[in-house]
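J.: Before I ask anything, let me first share the structure, which is written out below as structure tokens.
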Amino acid sequence: MDRLLVITIPVLSLLALSLLSEVHSTSFKIVNKCRRTVWPGLLSGANTAQLPTTGFALPSGASRTVPLPRSWSGRIWGRTLCGHDSQGRFACVTADCGSGKLECAGGGAKPPATLAEFTLNGAGGLDFYDVSLVDGYNLPMLVVARGGKGGGCSATGCLVDLNGACPAQLRVATGNGTGRGVACRSACEAFGDPQYCCSGAYSTPDTCQPSAYSLFFKNACPRSYSYAYDDKTSTYTCAGADYIIIFCPLPYTRDLFFRKFGFMSQKVLSARKDSVQLPLVNKTTMYIMSKYASGASFSGLMRARYARGFALSVLTSVMVLRPYL
């Protein structure tokens with residue numbers, strides 16, 4: 001009997017460690033660098049169990065680590081300008097998940113919202129991740145893979161404030177649209193046109209092409225998804241990594257990145273086995289001057305510039321870096 005116990009205890013211990021590794025093998029460290037509180041929301045994908053937390057408040061300067069199962073898929077986003085309404089329901093001006101509570105409890109972000117999307121332990125044991133502006137934009141976001149052992153493990157995201165530069169047709173603002181910009185809708189949401197939604201006759205990569213509006217997002221944030229078929233320059237892979245997700249990261253050069261995040265290496269930031277080489281920030285397209293963003297002729301102006309052979313970066317050559325919020 002004693003011998004059986006001696007054998008059983010180590011076996012059970014190894015089993016428990018194995019199960020623990022299976023249940024919590026990856027983590028998200030979520031960091032708020034915005035000047036105001038952000039309320040992260042988390043949604044698990046189909047056939048994936050919801051996480052123990054699906055929403056919480058994250059004050060300015062704070063961080064929180066969320067453990068994840070080994071095989072998990074889902075998305076994370078930041079809600080802004082949140083509070084309780086007159087009926088006591090919790091609601092947010094941007095990216096609200098509709099639960100009426102702090103926890104999203106299976107609700108997704110109402111567009112427009114900047115989304116970080118993950119499929120962990122996917123094909124070939126790789127994690128697949130991206131930052132998507134397909135559903136619009138509300139916050140700058142950076143995703144950094146830490147400690148990965150395979151794949152390119154590149155940083156990705158959108159590091160700049162696009163709300164002030166948002167074309168008038170896409171702009172979401174406080175005060176019934178007369179106040180400051182707080183989000184930027186996708187052309188699909190704004191117009192419902194199949195050519196912008198990649199639906200109907202435009203439901204294939206050959207028929208759905210980038211628009212002037214998706215190029216507004218893509219040119220400012222080259223590594224982010226800008227429309228439905230933007231896979232080649234927007235999806236990243238890593239294996240065995242934990243992930244740091246930063247709201248309102250400072251727009252930075254590569255040297256500044258290394259000073260801010262000493263654990264990163266040149267190899268981690270620059271290795272691009274998973275897609276073509278693109279900068280995290282297009283330094284010529286940080287902030288579009290208001291005269292280009294506020295006029296109703298934005299798309300026409302874009303087309304005219306293209307017709308004369310100008311790239312979008314030329315149109316937006318006078319830019320200003322500025323922190324968000």
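J.: Quick one: which residues, 5 or more positions from Thr114 or on another chain, have an amide H under 5 Å from its amide H? H modelled 1.01 Å from N in the peptide plane, none for Pro or chain starts.
T.: Long-range HN contacts for Thr114: Gly78, Asn138, Leu139.
J.: So, one more: Please turn the phi angles of segment 57-64 into ³J(HN,Hα) values with the Karplus equation 6.51 cos²θ - 1.76 cosθ + 1.60 (θ = phi - 60°), one per residue in order, whole Hz, x for glycine and proline.
T.: With the stated coefficients, segment 57-64 comes to 8, 10, x, 4, x, 8, 9, 8 Hz.
J.: Taking 56 Å as R0, compute the FRET efficiency from the Cβ-Cβ separation of Thr174 and Asn47 and round it to 0.05.
T.: Values: r = 38 Å, r/R0 = 0.69.
Once the sixth-power term is evaluated, E becomes 0.90.
J.: For segment 70-133, with every protein chain kept in place, what is the accessible area per residue (1.4 Å probe, Å²)?
T.: Numbers: 2540 Å² over 64 residues.
About 40 Å² of surface per residue is accessible.
J.: To continue, here is another question. For a test of the definition: using alpha carbon positions, the gyration tensor, and the 1.5 limit on a/c, classify segment 136-224 as rounded, prolate or oblate.
T.: Values: a/c = 2.79, a/b = 1.20, b/c = 2.32.
Because a/c hits 1.5 or more and a/b fails to exceed b/c, segment 136-224 counts as oblate.
J.: Per residue, how much accessible area does segment 141-181 show when a 1.4 Å probe rolls over the protein heavy atoms, in square angstrom? Let's see the in-between values first.
T.: Working: 1320 Å² over 41 residues.
For segment 141-181, the per-residue accessible area is 32 Å².
J.: Another one. From the Cα gyration tensor of segment 46-173, with a ≥ b ≥ c the square roots of its eigenvalues, which class applies: rounded if a/c is under 1.5, or else prolate if a/b is larger than b/c, or else oblate?
T.: Oblate, because a/c is 1.5 or more while a/b does not exceed b/c.
J.: Determine ³J(HN,Hα), in whole Hz, for all residues of segment 226-232 in sequence, where each value follows from phi through the Karplus function 6.51 cos²θ - 1.76 cosθ + 1.60 and θ = phi - 60°; x replaces Gly and Pro.
T.: 10, 8, 4, 10, 9, 4, 4
J.: Per residue of segment 103-113, in order, report the coupling 6.51 cos²θ - 1.76 cosθ + 1.60 (Karplus, θ = phi - 60°) as ³J(HN,Hα) in whole Hz, putting x for Gly and Pro.
T.: 6, 6, 6, x, x, x, 6, 6, x, x, 7
J.: If you don't mind, another one. What do you reckon, how do Val93, Val172 stack up by accessible area (1.4 Å probe), largest on top?
T.: Val93, Val172
J.: Evaluate E = 1/(1 + (r/R0)^6) for Ala62 and Asp206, where r is the Cβ-Cβ distance and R0 equals 45 Å; express this FRET efficiency to the nearest 0.05.
T.: Values: r = 46 Å, r/R0 = 1.02.
Here the calculated transfer efficiency is 0.45.
J.: A further question on this structure: Provide the net charge surrounding Val172, with neighbours chosen by a C-beta distance below 15 Å and charges set as Lys +1, Arg +1, Asp -1, Glu -1. Present the calculation step by step, with values, prior to reporting the outcome.
T.: On the way: positive: Arg79, Lys110, Arg171, Arg180, Arg185; negative: Asp96, Asp135, Asp161, Glu189.
Taking every other residue near Val172 into account, the sum is +1.
J.: Within a Cβ distance under 9 Å of Thr65, other residues only, what is the Lys/Arg minus Asp/Glu net charge? It would help to have the intermediate numbers written out before the result.
T.: Working: positive: Lys29, Arg64; negative: Asp242.
Local net charge: +1.
J.: What pairs from Lys149/Lys232; Lys110/Lys218; Lys33/Lys149 go past 24 Å between their alpha carbons? Numbers along the way, then the final one.
T.: Values: Lys149/Lys232 22 Å; Lys110/Lys218 21 Å; Lys33/Lys149 28 Å.
Where the Cα-Cα span goes over 24 Å, the pairs concerned are Lys33/Lys149.
The values are calculated or read from the model by the stated rules, or taken from the named source; none is laboratory data. This structure is a prediction, so every number in the text was calculated from the model and none was measured. Glycine gets a Cβ as well: all are built from the backbone with ideal geometry, and neighbour counts include every protein chain shown. Heads up: the accessible areas ignore ligands, DNA and RNA and are worked out on the full protein's heavy atoms, side chains in. Shrake-Rupley method; radii C 1.70, N 1.55, O 1.52, S 1.80 Å.
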